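Q: One structure, pasted below without further comment.
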Amino acid sequence: MKIGILGGGQLGRMLIQEALKYDDEFHILDPNSDCSCAHISHFTKGNFNLKEEVFNFGKEMDVVSIEIEHVSVGGLEALENQGVKVIPNSNIIKIIQQKILQKQFYQQNNIPSPDFQIIQSTDDEINIAFPFVQKLNTGGYDGKGVQVIKDESDLSKMWNEPSVLENLVDIDKELSLIIAKNEQGEIKTFPVTEMVADPKLNLLDFNICPAHISDEVQNQIDAIADQFIKSANSEGLFAIELFLDQEGKVWVNETAPRLHNSGHQSQEGNANSQFEQMYRILKNLPLADTSNFGFSGMLNLVGEDHQTGTVKYNGLEEVLKLPNTYIHLYGKRDTKPGRKMGHINVLAKSREELLQQLIHIKTIVKVVVD
Ligand code: ADP
């Protein structure tokens, strides 16, 4: 089967890596002929934001999917009209691409998400209470395009662009749930994971599985997952990012319609990984067992500050000496501050042991220039 993926980053790379044990052809469309997937796939250099290029790439495929959501929805619609299977469908990608549509989707489908207001520009009257979070309708990723407006004195720093203004949640924990649905309608979730963010870069740092949450919180999350997958009306794999607030209530922050950083520890920590699950969705196969083997965690390898150029990983040999520790690099030649270059997965018998190991590894590995 010919599987076409828009985007050739690390998510596509790890999907191909997992799926190589089966017999399929992976085709990648990406503007960068040196991207993470370029040398391990049938590669087409092109712009996945252009309708024509998406259509021309996809029309030869049996199924087309994404590993980045900022792609031409028009191109995907044209493929669907031509009878090419697109997973997830163009409609849910369109909704998720735009923060405004995404928030309205949660509201219309009774999915709890922080209260919000929409503005088209800073000329609009603001009627949400301080403090609030401004999120650009389009163009934000990895914490960019998101800022907290604390009080009146912050108003001057607001971006003059269509945005969502959202209540600032008093966060206890950031959680993530990955849910999968195939064409037959089979649905499976991975165990909830818990994130520990780097306050400086806003990039996810550690991701721990399973999350330390009560049954009551788990029930709220199950209800959200159920409601989300019914409302999304699409097969696919989705990562729902959640906030647990100080009062014990769960809110949806946002959803990614694709493989996600918060699922990487499933590579060694679960009976099957998110990548195996994605492959099975693309082929409409029975979904995989997602249960976890104990405690697992992941730490992102991101480029250090002030380091731009050919990458070098300090300390990896030390890490290779550690038991239950697995290195994954993304095939990127150049590092820059905050760039995700790889990750390390760790398995442990307890949450305490896991956190200790992750913190230890973080102190020995550095992503710098050669
Ligand atoms: P991105 O898509 O760029 O990752 P997010 O919407 O996930 O942006 O926001 C990045 C981070 O900002 C979140 O992980 C969270 O820590 C913080 N954040 C976002 N929205 C809120 C909110 N409503 N209340 C409190 N913190 C928030």
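Read-outs: derived from the displayed coordinates by stated rules, not from any lab. Treat the numbers as computed from the prediction; the structure is a model and nothing was measured. Positions of Cβ are backbone-derived with ideal geometry, glycine not excepted, and every protein chain shown enters the neighbour counts.
Q: Nearest 20 debye, what's the magnitude of the dipole of the chain about its Cα centre given +1 on Lys and Arg Cβ and -1 on Asp and Glu Cβ? Walk me through the numbers before you get to the answer.
A: Working: 34 positive and 52 negative charges, 181 e Å.
In debye, rounded to 20, the chain gives about 880.
Q: Another question, if that's okay. What residues have an amide H closer than 5 Å to that of I149, excluding those fewer than 5 places away on the same chain, when H is modeled at 1.01 Å from N in the peptide plane?
A: Excluding prolines and chain starts, which carry no amide H, the hits are F132, V133, Q134.
Q: Would you list which lysines come within 20 Å of K45, measuring only between C-alpha atoms, while excluding same-chain residues fewer than 8 positions from it?
A: K2, K59, K332
Q: Can you list which of the trypsin sites (Lys or Arg not before Pro) found in segment 182-278 are DSSP loop residues with at most 12 other C-beta atoms within 10 Å?
A: Values: sites: K188, K200, K230, K249, R258; in loops: K200, K249, R258.
Loop-located and lightly packed - K200.
Q: Hey, got a sec? Which GluC sites (Glu not before Pro) in segment 58-119 land in a DSSP loop and have at most 13 other Cβ atoms within 10 Å?
A: Working: sites: E60, E67, E69, E77, E80; in loops: E60, E67, E69.
Loop-located and lightly packed - E60.
Q: Of I96, W159, V369, which is farthest on the positive side of the dipole of the chain, counting Cα position, with +1 on Lys and Arg Cβ, -1 on Asp and Glu Cβ, and the Cα centre as origin?
A: V369
Q: With a 10 Å Cβ neighbour count serving as the proxy for reagent exposure, in which order, fewest first, do E161, E174 appear?
A: Listing E161, E174 from fewest to most nearby Cβ atoms yields E161, E174.
Q: Report, in debye and to the nearest 20, how large the dipole of segment 284-335 comes out about its Cα centre when Lys and Arg carry +1 and Asp and Glu carry -1 on their Cβ. The partial results should precede the final answer.
A: Values: 4 positive and 6 negative charges, 27 e Å.
Around 120 debye, computed over segment 284-335.
Q: Among L29, I281, Q117, pick out the residue whose Cα is farthest towards the positive end of the charge dipole of the chain, where Lys and Arg carry +1 and Asp and Glu carry -1 on C-beta, about the Cα centre.
A: L29
Q: Now for a separate question. How do C209, C35 rank when sorted from fewest to most other Cβ atoms within 10 Å of their own Cβ?
A: C35, C209
Q: For segment 177-279, what does the alpha-carbon gyration tensor say about shape, rounded, prolate or oblate, given a ≥ b ≥ c as the root eigenvalues, a/c under 1.5 as rounded, and a/b over b/c as prolate?
A: Here segment 177-279 falls in the oblate category.
Q: Would you mind estimating how fast segment 66-198 diffuses translationally, via Stokes-Einstein at 10 °C and 1.306 mPa s with the Kirkwood radius over Cα pairs, in µm²/s?
A: The diffusion coefficient I find is 93 µm²/s.
Q: Taking DSSP loops as anything outside H, G, I, E and B, show the longest stretch in the chain free of chymotrypsin sites (Phe, Trp or Tyr not before Pro) there with at most 13 other beta carbons within 10 Å.
A: Here the longest run is 23-292.
Q: Moving on. Find the eigenvalues of the gyration tensor of the Cα atoms of segment 36-144, then list the square roots of 5 times those eigenvalues as equivalent ellipsoid semi-axes, largest first, in whole angstrom.
A: 33, 16, 12
Q: Quick one: of the DSSP bridges fully inside the chain, what percent are antiparallel, nearest 5?
A: On the way: 64 of 80 bridges.
Antiparallel: roughly 80 percent of the beta bridges in the chain.
Q: Related question: With unit charges on the beta carbons (Lys and Arg positive, Asp and Glu negative) and the dipole taken about the Cα centre of the chain, which residue among G338, N137, V169 sits farthest to the positive side?
A: G338
Q: So, one more: Classify the chain as rounded, prolate or oblate from the Cα gyration tensor: take a ≥ b ≥ c as the square roots of its eigenvalues, call it rounded if a/c is under 1.5, otherwise prolate when a/b beats b/c and oblate if not. Before the final figure, lay out each step's value.
A: Details: a/c = 1.28, a/b = 1.06, b/c = 1.21.
Because its axes are fairly even, with a/c under 1.5, the chain counts as rounded.
Q: Continuing with this model, one more query. As a test of the formula, what do you get for the chain when each DSSP H run with n ≥ 4 contributes -39,500 (n - 2.57) and the sum is divided by the residue count, at 222 nm and rounded to the nearest 500 deg cm²/dmol?
A: It comes out at -7500 deg cm²/dmol, rounded to the nearest 500.
Q: Same structure again: Could you go through segment 2-8 in sequence order and give the Karplus-derived ³J(HN,Hα) for each residue, using 6.51 cos²θ - 1.76 cosθ + 1.60 with θ = phi - 60°, rounded to whole Hz, and x for Gly and Pro?
A: 9, 10, x, 10, 8, x, x
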